[in-house]
Amino acid sequence: MSSLSLFLVVLLTGIVLVVAGLSTALLLAPRSFNFQKGEPYECGIPTHGTSWMQFKAGYYLYAILYLMFDVEAIFLFPWATIVRDLGFQGLYSITFFIVILGLGLAYAWKKGVLKWM
């Protein structure tokens, strides 16, 4: 079997499985129509006023920075498992990686992104 035919088989199998799953869900899922399903939900408390309100972009930036450093910390685990095999080149590369992360953190700190209020 060539690479192209194998790709097509996998692609078609994926499409068929997705369509079959969605069709089964549409046919078998219980349906209930009521007014409460269309309302915005906030921790069981009824909303007051409009749901379209402004919020500080600082919360968003804080969350993005957290995710960025969280994902970058995950990159350290594979390096730590083979650190002895890498030698000094691995040490230099991970030092460079951590310095770049530190510069990004210093830049965010200087811009005031980490201030909560």
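Every read-out reported here was derived from the displayed coordinates using simple, explicitly stated rules and does not represent laboratory data. Note that the structure is predicted; figures quoted are calculated from it, not measured. When we count neighbours, we look across all protein chains shown, and the Cβ atoms used for this are built from the backbone with ideal geometry, even at glycine.
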- Item | Estimated vicinal HN-Hα couplings, Hz - the range 86-95 in sequence order (Karplus 6.51, -1.76, 1.60; Gly, Pro = x) | 7, x, 6, 5, x, 5, 5, 5, 6, 5
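Evaluate E = 1/(1 + (r/R0)^6) for residue 17 and residue 65, where r is the Cβ-Cβ distance and R0 equals 35 Å; express this FRET efficiency to the nearest 0.05. List each step's numbers first, then the result.
Numbers: r = 38 Å, r/R0 = 1.08.
Efficiency, from the Cβ-Cβ distance: 0.40.
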- Query: What does the convex hull of the Cα atoms of the range 58-108 come to per residue, in Å³, rounded to a whole number?
  - Reply: 49
- Task: Figure the gain on full extension for residue 115 and residue 26 (residue separation times 0.36 nm, minus the Cα-Cα span) and round it to one decimal in nm.
- Result: 27.3 nm
- For the range 3-111, what percent of Cα pairs sit more than 15 Å apart? 82
